[in-house]
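Contents: one structure, followed by commentary.
The values are calculated or read from the model by the stated rules, or taken from the named source; none is laboratory data. Everything numeric here is computed off the predicted structure, so don't read it as measured data. Cβ: placed from backbone, ideal geometry, glycine included. Neighbour counts: every protein chain shown. For accessibility, only protein heavy atoms count, side chains too; no ligands or nucleic acids. Shrake-Rupley method; radii C 1.70, N 1.55, O 1.52, S 1.80 Å.
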Amino acid sequence: MRLFVFKHPMQRDGIHYEITNGVGTLTVDRPAVRNALDWNAMRAFAAAVEDAHRDKDLRALIVTGAGDTFVSGGDLRVLKDYPKRRDGLRLAMIMGKALERLRSLPAPTIAAINGPARGGGAEIAVSCDQRVMARGADIGFVHAHLGITTAWGGARYLFLTVGYPQALELLTTGRVLGAEEAADIGLVDHLAPQDSALDAARELAAEMARHPVEAVRAAKRLLRFAVAYPEVAKHAERRLFASLWDSNYRREAVRRFLNKDK
């Protein structure tokens, strides 16, 4: 098989996208902030997803984080300076639309969860079609600890993944799940040895890439036809998040978070 590597020219703001033999890899690489996303990284993430949409040879896309973290959500050190409702709505819209586009990608998507996936990082994980998780990694929809809810589509995607009762429990408790428990409830599809999530995801993606791209995309398209996305829920989630973002509780919770090591 001929090796074909394409590196998108926009490798900046901590987001990298490349494709090898029909398998794309979108990597969040901001280790200094545990792969948290600031405004520029969010826009770069969205742009990388659009690159994947334009790639007609893409057979599967892996989303992962560099180092020992998947994605730890929004970068609160930056976002603390944007406390208003309009800021919350902007935050919800940029990544909410990006994950909608990720979810609608014709090719299958796989989250390679190599370390903690928290808050928005957990939302990115459930927006993918499949999740491969390293033993020792964890995942948590921890939004409630900051007095907010999901913003990027996570509530809808979590519901479709684990069902209403389990989704409600995870969203309202903010509990962090280890790999074994996440697999037990169907939140994670495959477990991998420590530090091997990306390798396992590549093996799965390579199996998908062996088949004609039209067949792989048709399989996903058929399954997507069976899934309904209520528009009301999408807009309600964004409005609720924007309102909760502009609250004293969230601002105080962020202050405690940022000062916990002092």
## Note on the structure
One computes Rg over Rh for the chain from alpha-carbon atoms, with the Kirkwood Rh, and obtains 0.95
### Task
With unit charges on the beta carbon (Lys/Arg positive, Asp/Glu negative), name the residue among T109, V176, H145 whose Cα is farthest towards the positive pole of the charge dipole of the stretch 106-262.
H145
### Summary
Treating only Lys and Arg (+1) and Asp and Glu (-1) as charged, each at its beta carbon, one finds that the chain has a dipole about its Cα centre, in Debye to the nearest 20, of 920
### Query
Farthest toward the dipole's positive end in the chain, which of V33, Y82, V126, given Cβ charges of +1 (Lys, Arg) and -1 (Asp, Glu) about the Cα centre?
Y82
## Note on the structure
Interchain or sequence-distant (5+) residues whose placed amide H lies within less than 5 Å of the amide H of G24 are R59, A60, L61, I62
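How much of the accessible area of the stretch 147-223, probe 1.4 Å, is carbon plus sulfur, in whole percent?
57
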## Note on the structure
Here the relative contact order (percent) of the stretch 128-260, from C-alpha pairs under 8 Å and at least 6 apart, is 38
### Query
By Kyte-Doolittle mean hydropathy of at least -0.5 and Cα axial length of at least 24 Å, which whole DSSP H helices of the chain are selected?
85-103
### Message
For a test of the definition: using alpha carbon positions, the gyration tensor, and the 1.5 limit on a/c, classify the stretch 112-167 as rounded, prolate or oblate.
### Response
oblate
### Message
I want to check the label-to-label distance for R85 and E50. Put each point 7 Å from Cα in the C-beta direction and report it in nm to one decimal.
### Response
2.9
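For the stretch 133-250, with only Lys/Arg (+1) and Asp/Glu (-1) charged at the beta-carbon, what is the dipole magnitude about the Cα centre, in debye rounded to 20?
On the way: 13 positive and 14 negative charges, 120 e Å.
Its charge dipole is roughly 580 debye.
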### Message
Using only DSSP helix segments of four residues or longer, with each worth -39500 (n - 2.57), what per-residue ellipticity at 222 nm results for the chain after dividing by its residue count and rounding to 500?
### Response
-14500 deg cm²/dmol
### Summary
Note on the stretch 122-262: alpha-carbon gyration tensor, axes a ≥ b ≥ c; rule is a/c under 1.5 for rounded, else prolate if a/b larger than b/c, else oblate; result oblate
## Note on the structure
Here, R239 and N40, labelled 7 Å along Cα→Cβ, have an inter-label distance in nm of 3.5
### Query
Once both labels are modelled 7 Å past Cα along the beta-carbon direction, what's the L168-Q194 spacing in nm?
3.8
